[in-house]
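Written below as structure tokens is the structure these notes are about.
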Amino acid sequence: MSASLETTLDEGGADTSGPRRALAHLALVTLGPILAALVLSGLVLLALGVDPFAYYGYVAQRGLFSWLGLQQTLTRMAPLLCLAAALIVAFRAGIWNLGIDGQFLLGAVTSAALAPFLITVLPAGAVLLVAAAGAALVGALWSLLPALLRAYQQVNEIITTLMMTFLGVSFANLLVKLVFLDPGTTVPQTRTLPVADRLPTLFGTTISGGLVLGLVAVVVVHLVMTRTAFGLKLRTVGESPLAARHAGLDVPLLTVAVFAISAGFAGLAGGIEILGVHGNLQAGWNPAYGLAVIPLVFLARFNGFAAIVFVFFYSALMIGGESAARRIGVPHYFTLVLVANLLILLALAEYLDHRRRRAG
Amino acid sequence: MEALLTAAFLTALLAGAVAAGVPLLLAGLGEQMSEKAGVLNIGIEGMMLMGAYLGFLVAFESGNGALGFVAGMAGGMAVAFVMAILCVGLALNQIVIGIGLTLGVEGLTALLHHFQFSTTYPRLPAAWRMPVPGLVELPVIGPALFDRHPLVYLAFLLVPLLAWLYRRTALGLTLRAAGEKPAALDVAGIDVATVRFLAVLFTGAMAGLGGAFMANVAAGIFIPFMTGGAGFIGIVLAMLARGRPAWVLIGAVVFGGALSLTTALQVAGLNVPTDLIQMLPFAAVMAVLVLYGRKARLPAALGLPYVRGAR
């Protein structure tokens with residue numbers, strides 16, 4: 001898949017006659033599926049007896065055009081961007097890390113366990129640093145088994161990472177309820193990091209500083225994967241493990257490295273969400289952001305800058321959708337339908353585009 | 001320890017293993033057919049969930065249990081049909097489409113459930129049971145295995161039937177060729193796409209039936225996201241079974257047992273955290289993959305779309 005997307009994009013730049021055609025082409029294969037997905041999902045709303053224009057209008061108003069909503073949207077971007085960084089590394093290296101939700105949760109548990117405890121002995125800055133690093137480390141560790149199985153036994157990582165996510169969701173609950181329980185509350189949750197000690201907000205707004213971390217993560221990942229020798233090695237492993245071996249690369253080791261980096265970012269995403277927004281972790285909390293970020297990363301064709309744009313609009317959709325659930329009575333599950341339509345229509349557009357080019 | 005060996009505990013464990021294992025068995029057998037034909041069917045989770053939803057809806061509205069299962073199969077097949085058109089017909093990426101379909105069905109069924117049942121949470125009456133005369137009198141095994149819904153017996157009968165189909169018939173050979181060397185099948189004059197299309201539809205039917213069993217027999221109610229990864233376990237079962245239906249059966253009962261251990265332990269008066277028990281089946285999958293992962297052989301052309309003339 002990585003190969004086919006890459007070539008499509010490259011050819012798109014090479015064989016078209018001018019920048020105008022290239023731009024029109026990009027708009028067609030990107031905006032086309034988005035519009036089609038909005039229309040198709042709108043039909044679902046219509047079938048449920050909801051006015052799609054009212055719904056979309058409300059979502060846009062709430063998630064994009066109100067100052068409060070926009071701040072929430074930008075804050076929500078932080079974990080999503082880190083997850084996008086995680087997926088870009090993995091997918092460009094040909095590894096299907098579908099376990100980012102489990103890695104995210106375990107990272108979140110680590111931060112929620114470390115930060116409220118460390119704050120009693122360390123200054124706030126150091127606490128945030130250690131808790132975030134711990135989240136990334138534990139996230140990476142949670143991917144170790146799938147990584148070793150894939151690297152040395154050729155066991156399909158789609159299955160193992162999915163299994164580790166199911167395992168991780170229960171394990172996270174177990175840790176919260178049995179090990180890191182806050183004795184001071186009746187709700188099963190960890191101790192809470194005081195608001196004053198959380199990630200700083202930006203310029204007097206309520207936007208979490210995690211946004212900066214997320215943006216940096218995506219940009220760095222994009223540049224490393226596209227502009228450095230290390231990135232080229234990883235991409236070679238992804239596109240042809242055989243060629244990589246002939247080039248003298250240590251394929252199993254690089255495979256494990258890809259898992260560790262990818263899962264590290266996923267764990268960091270969980271850490272940022274706890275350290276920036278929640279301050280603690282309640283048993284049963286599982287936002288499952290991961291599976292929804294996958295289509296966004298595909299839509300962006302594994303390009304970090306494009307991913308930032310799509311994550312922004314998806315965040316607005318989530319924030320608006322959560323509000324619409326309360327106001328209009330359409331549960332936020334609708335976002336799943338929209339994302340699914342987007343993913344399928346995107347693949348379809350890619351196919352049609354490919355065929356058209358071959359014919360022409 | 002003695003408490004664990006009482007008849008009540010063993011009956012509860014075995015009965016639970018069968019109730020939780022039958023959907024896994026159906027999903028695993030269905031996935032096996034797809035994989036044999038060369039399609040990695042990640043959308044099976046969505047097919048199960050659609051089967052659970054439609055199966056429940058029709059059984060509840062019509063009051064007819066059998067019609068509910070037909071609807072469940074149809075629901076699974078409808079999702080499979082979309083998958084087959086996109087992945088077999090147009091040769092789109094099987095993983096991307098599989099995830100997309102699963103996400104879409106999760107969202108759609110949760111939405112529909114919200115608008116239809118979220119205030120009433122209706123339940124179906126207890127499922128029909130068909131005791132097997134004589135065998136039902138046996139201690140432990142009798143009530144656990146031979147006093148069940150007819151679909152349980154049917155699911156078990158499918159195992160030898162499919163084994164025979166794969167080993168002894170031309171159809172079985174055709175399926176294997178579609179997964180191992182599609183080009184050879186093409187040369188022999190059989191359309192690879194048709195074989196794979198039908199295999200995916202069969203997977204949808206089995207997954208849908210498994211989902212309907214979950215909702216209508218095991219739970220008696222439809223809950224959003226109720227399949228909870230059963231489809232993915234089905235994929236693992238098919239991977240580990242290396243094409244043999246009997247191994248899918250063994251795996252399904254073992255994982256079903258792990259899933260139902262909570263209830264059985266409560267019967268035995270032991271209180272183990274639910275979260276720990278819920279980890280068991282997935283931990284078991286990982287343990288099995290660590291031990292036998294190297295042997296989990298998959299068809300050579302699995303996951304690769306077949307385009308005539310392309311290399």
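Across all C-alpha atoms in the protein assembly as shown, the radius of gyration and Dmax reach 25.0, 81 Å. To the nearest Å, what is the center-to-center distance of the range B:92-131 and the range A:137-210, using C-alpha atoms only? If we compute the Cα centre of each part, the gap is 28 Å.
Full extension of the segment from B:F81 to B:N271, taken as 0.36 nm per residue of separation minus the current Cα-Cα distance, would add 63.9 nm. Under 16 Å of direct C-alpha separation, and excluding same-chain neighbours fewer than eight residues apart, A:K233 reaches these aspartates and glutamates: A:E6, A:D250. Count Lys and Arg as plus one, Asp and Glu as minus one, and take only other residues whose Cβ is under 13 Å from that of A:Q189; the net charge is then +1. Each label point was placed 7 Å from the Cα along the Cα-to-Cβ direction; for B:V132 and A:A27 their separation is 6.8 nm. Let me know the shape class of chain A, please: from the alpha-carbon gyration tensor, a ≥ b ≥ c as square roots of the eigenvalues, rounded when a/c is under 1.5, otherwise prolate if a/b is greater than b/c, or oblate. Verdict is oblate for chain A. Counting only residues at least eight positions apart within a chain, or on another chain, the aspartates and glutamates with an alpha carbon under 19 Å from that of A:K177 are B:D275. Each other residue within a Cβ distance under 14 Å of B:P23 adds +1 if Lys or Arg and -1 if Asp or Glu, for a net charge of -1. Put the Cα centre of the range B:1-72 next to the Cα centre of the range A:247-309 and the gap is 32 Å.
For the range A:51-329, what's the relative contact order in percent, using C-alpha pairs closer than 8 Å and at least 6 residues apart?
Reported as a whole number, the value is 41 percent.
According to the square roots a ≥ b ≥ c of the eigenvalues of the Cα gyration tensor, what is the shape class of chain B, taking rounded for a/c under 1.5, prolate for a/b larger than b/c otherwise, and oblate for the remainder?
Numbers: a/c = 1.79, a/b = 1.44, b/c = 1.24.
Prolate, since a/c reaches 1.5 and a/b exceeds b/c.
Compared with the dominant principal axis of the Cα atoms in chain B, helix B:150-168 is inclined by about 30°. Chain A packed on chain B takes about 3900 Å² of accessible surface away from a 1.4 Å probe, both sides summed.
A helix-only calculation puts the protein assembly as shown at -24000 deg cm²/dmol for mean residue ellipticity at 222 nm, using -39500 (n - 2.57) for each DSSP H run of at least four residues, averaged over all residues. Close amide H contacts of A:Q189 (hydrogens built in the peptide plane, cut-off under 5 Å, sequence separation of 5 or more or a different chain): A:D182, A:A283. On full extension, the segment bounded by A:F313 and A:V277 gains 11.0 nm, given 0.36 nm per residue less the C-alpha separation. Helix B:170-180 and the longest principal axis of the C-alpha atoms of chain B enclose an angle of approximately 80°. By a 1.4 Å probe calculation restricted to protein chains, A:M163 has an accessible surface near 0 Å², given to the nearest 10. Rounded to the nearest 10 degrees, the inclination of helix B:7-36 to the longest alpha-carbon principal axis of chain B is 10 degrees.
Please identify the helices of chain A, taking whole runs of DSSP H, that span at least 30 Å along their own axis as judged from the Cα atoms and have a mean Kyte-Doolittle score of 0.5 or higher. If you can, show how the numbers build up before the last one.
Details: long enough: A:19-47 (41 Å, 1.66); A:67-92 (36 Å, 1.20); A:251-273 (33 Å, 1.71); A:304-327 (34 Å, 1.11); A:334-359 (37 Å, 0.75).
Qualifying helices, which must be both long enough and hydrophobic enough, are A:19-47, A:67-92, A:251-273, A:304-327, A:334-359.
With a ≥ b ≥ c taken as the square roots of the eigenvalues of the C-alpha gyration tensor of the range B:91-145, please select rounded if a/c is under 1.5 and otherwise prolate if a/b is larger than b/c or oblate if it is not? It comes out oblate by the Cα gyration axes.
Derived scalar couplings between HN and Hα for the range B:210-216 equal x, x, 4, 4, 4, 6, 8 Hz in order, rounded to whole Hz, by the Karplus curve 6.51 cos²θ - 1.76 cosθ + 1.60 (θ = phi - 60°), x for Gly and Pro.
Close amide H contacts of B:R148 (hydrogens built in the peptide plane, cut-off under 5 Å, sequence separation of 5 or more or a different chain): B:M130, B:V132. The spacing between the range B:211-253 and the range B:143-190, judged by their C-alpha centroids, is 17 Å.
Share of the protein assembly as shown's accessible area from carbon and sulfur, percent, 1.4 Å? Carbon plus sulfur share of accessible area: 69 percent.
The values are calculated or read from the model by the stated rules, or taken from the named source; none is laboratory data. Note that the structure is a prediction, hence the values are computed from the model and not measured. Every residue, glycine as well, gets a Cβ built from its backbone with ideal geometry; the counts of neighbours run over all protein chains shown. To get the accessible areas, we keep the full protein, side chains included, count just its heavy atoms, and leave off ligands, DNA and RNA. Shrake-Rupley method; radii C 1.70, N 1.55, O 1.52, S 1.80 Å.
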